[in-house]
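Q: Handing you a structure now.
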Amino acid sequence: MENSNSEQTVQDGKLYRHLNSLIVAHLRHNNLIQAASSVASATMTPLNVEAPPNRLLELLSKGLAAEKDDVSRGTSSSPFHDLGGSLPLPRPSATVIDFSSLPDLKGPSKSFPKHETRHLSEHKNVARCARFSPDGRFVATGSADTSIKLFEVSKIKQMLLPDAKDGPVRSVVKTYYDHIQPVNDLDFHPQGTILVSGAKDQSIKFFDISKANAKRSYRVIQDTHNVRSVSFHPSGNFLLAGTDHAIPHLYDINTFQCYLSANVPDVNPNGAINQVRYSCTGSMYVTASKDGAIRLWDGITANCVRSITAAHGTVEATSAIFTKDQRFVLSCGKDSTIKLWEVGSGRLVKQYLGAMHTQLRCQAIFNETEEFILSIDELNNEIVIWDAMTTEKVAKWPSNHVGAPRWLEHSPVESAFISCGTDRSIRFWKETT
């Protein structure tokens, strides 16, 4: 009996040491160095312990999935069995590219698969923004005509079948009319059936897409500025708003209380925020500003932890998004450059050239595997694609819009994307089989 207890103690000790190592590595990979150092010191764990990025999240995701299976069979007694439904953790099988592993790669680039495109619908004015739901089932578009259109992706695909007739497809689930000025950005709640919009009328509106007949919002946040960008925290409990104000507005969506960071030493008072986006775990968020800067913020303290000033020279930074592993940020600016930055050091890792964008609030986006980057060439009215690793331009396609597209948004789960045009039209692009 004593041997059994002793062996169990040894096994428990190994498990605790492994867990502590994963915690330290997780904090370090997410650039929470002070927290990692504190945990390492308190648990006598080496600060430079090796572990794959997001390994702790992968194990937690698998554990929650297994626990969910147990609950469905009635075998779990855990009081936390609902937790898995509220944690949008990365899928363990998701591909993650380490852009720092081969910084000088000059080998052959990959070929971007051919896509077919269809005209989905038209707004009554410029189509300004789009967003897919996290599961890829829905996509929504917002317009200068103040409306929001919601599409069901499965119905769009039916219209792409070989025997489908050309012309606008009838895949609009519903259209919402509740803003009084142009819609700037959209986002879906991570778990629920909620769509949120930000608009020039200084409001943020919440729509329940599960309500068949609802055409107006059920909740409204009245901000003090033009709301240029919105992004849900992965928990769904908080919402970021990038506005004409230089500091991001953080809202608790249960109380609607607004929080502002007190640590913003170098923010330009005239640096309105073009885009704000959370990382996949919510440990950080990034802003792209009109003053040309990319700023990284701590997702817990809301402190600005790094400013990449003049990231796009003296012109606007128009978009910024995290990679899946949260180690890099992809930004786009009106200097006609797309840049990949290392979060931990702020250094420029890669640059993607060859597409002109100087006028519109242009987006640079990854495809669903992060192997390619897509953006817009305003001068030639083309969609341009680069190999994300080699930085080589591998494709350029006519946009089929009258005038350059204003916005691109890629599905998070499949090889498909949306383009929104100044010609009011919305087009769906899908890989050909």
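The values are calculated or read from the model by the stated rules, or taken from the named source; none is laboratory data. As the structure is a computational prediction, the values presented were derived from the model and not from experiment. Using ideal geometry, Cβ is built from the backbone for each residue, glycine included, and neighbour counts are taken over all protein chains shown.
Q: I want to confirm something. Restricting to region 1-20 and keeping residues that are at pLDDT 80 or above and in contact with a helix residue (DSSP H, G or I) (Cβ under 9 Å, 6 or more places away or on another chain), which single residue is surrounded by the fewest Cβ atoms within 10 Å (Cβ to Cβ)? Full working, then the answer.
A: Quick first cut of region 1-20, residues at pLDDT 80 or above only: 18-20.
Subsequent filtering for residues that are in contact with a helix residue (DSSP H, G or I) (Cβ under 9 Å, 6 or more places away or on another chain) retains 19-20.
Working: L19: 14, N20: 17.
So, considering only residues that are at pLDDT 80 or above and in contact with a helix residue (DSSP H, G or I) (Cβ under 9 Å, 6 or more places away or on another chain), the one surrounded by the fewest Cβ atoms within 10 Å (Cβ to Cβ) is L19.
Q: Return only the number of the condition from (1) buried (at least 22 other Cβ atoms within 10 Å of the Cβ); (2) polar (S, T, N, Q); (3) in contact with a helix residue (DSSP H, G or I) (Cβ under 8 Å, 6 or more places away or on another chain) that S411 does not satisfy.
A: (1)
Q: Test Q202 against the stated conditions and say whether it is on the phi > 0 side of the Ramachandran plot and either surrounded by fewer than 23 Cβ atoms within 10 Å (Cβ to Cβ) or assigned by TED's automatic domain parsing to the domain that holds G136 (or both).
A: Values: on the phi > 0 side of the Ramachandran plot: yes; either surrounded by fewer than 23 Cβ atoms within 10 Å (Cβ to Cβ) or assigned by TED's automatic domain parsing to the domain that holds G136 (or both): yes.
Considered against the rule, which asks whether it is on the phi > 0 side of the Ramachandran plot and either surrounded by fewer than 23 Cβ atoms within 10 Å (Cβ to Cβ) or assigned by TED's automatic domain parsing to the domain that holds G136 (or both), Q202 comes out as yes.
Q: Do we have V394 as under 18 Å from the mean Cα position of the chain (by Cα) and touching a residue at least 60 places away in the same chain (Cβ under 8 Å) here?
A: Numbers: under 18 Å from the mean Cα position of the chain (by Cα): no; touching a residue at least 60 places away in the same chain (Cβ under 8 Å): yes.
So V394 fails the test.
Q: Let me ask something else about it. Only one of these conditions is not met by K339: (1) of a type outside the set (V, I, T); (2) assigned to a loop (DSSP other than H, G, I, E, B); (3) closer than 18 Å to V286 by Cβ; (4) in contact with a Gly (Cβ under 9 Å, 6 or more places away or on another chain). Which number is it?
A: Going through the list (1) of a type outside the set (V, I, T); (2) assigned to a loop (DSSP other than H, G, I, E, B); (3) closer than 18 Å to V286 by Cβ; (4) in contact with a Gly (Cβ under 9 Å, 6 or more places away or on another chain), K339 breaks only (2).
Q: Separate question: Look at C332 and say whether it is under 18 Å from F151 (Cβ atoms) and either surrounded by 20 or more Cβ atoms within 10 Å (Cβ to Cβ) or at pLDDT below 95 (or both).
A: Working: under 18 Å from F151 (Cβ atoms): no; either surrounded by 20 or more Cβ atoms within 10 Å (Cβ to Cβ) or at pLDDT below 95 (or both): yes.
Judged against the criteria, C332 is not a match.
Q: May I pose another question? Which numbered condition trips up R91, out of (1) at pLDDT 80 or above; (2) basic (K, R); (3) within 23 Å of the chain's Cα centre (by Cα); (4) not in a helix (DSSP H, G or I)?
A: Every listed condition holds for R91 apart from (1).
Q: Residue check, V267 against (1) surrounded by fewer than 23 Cβ atoms within 10 Å (Cβ to Cβ); (2) touching a residue at least 60 places away in the same chain (Cβ under 8 Å), all met but one. Which one?
A: It fails just one condition, (2).
Q: Condition first: aromatic (F, W, Y), surrounded by fewer than 23 Cβ atoms within 10 Å (Cβ to Cβ) and in the same structural domain as C280 (by TED's automatic domain parsing). Can you find one or more residues in region 133-141 that meet it? Lay out the reasoning, then the answer.
A: The initial filter retains those residues of region 133-141 that are aromatic (F, W, Y), namely 138.
Among the residues that remain, those that are also surrounded by fewer than 23 Cβ atoms within 10 Å (Cβ to Cβ) are: 138.
This time we only want the ones that are in the same structural domain as C280 (by TED's automatic domain parsing), so: 138.
Yes, there is a match, as at least one residue in region 133-141 is aromatic (F, W, Y), surrounded by fewer than 23 Cβ atoms within 10 Å (Cβ to Cβ) and in the same structural domain as C280 (by TED's automatic domain parsing).
Q: Do you know which residues across region 397-422 are assigned to a loop (DSSP other than H, G, I, E, B), in contact with a Gly (Cβ under 7 Å, 6 or more places away or on another chain) and touching a residue at least 24 places away in the same chain (Cβ under 8 Å)?
A: Correct list: H401, S411, P412, V413, E414, T422.
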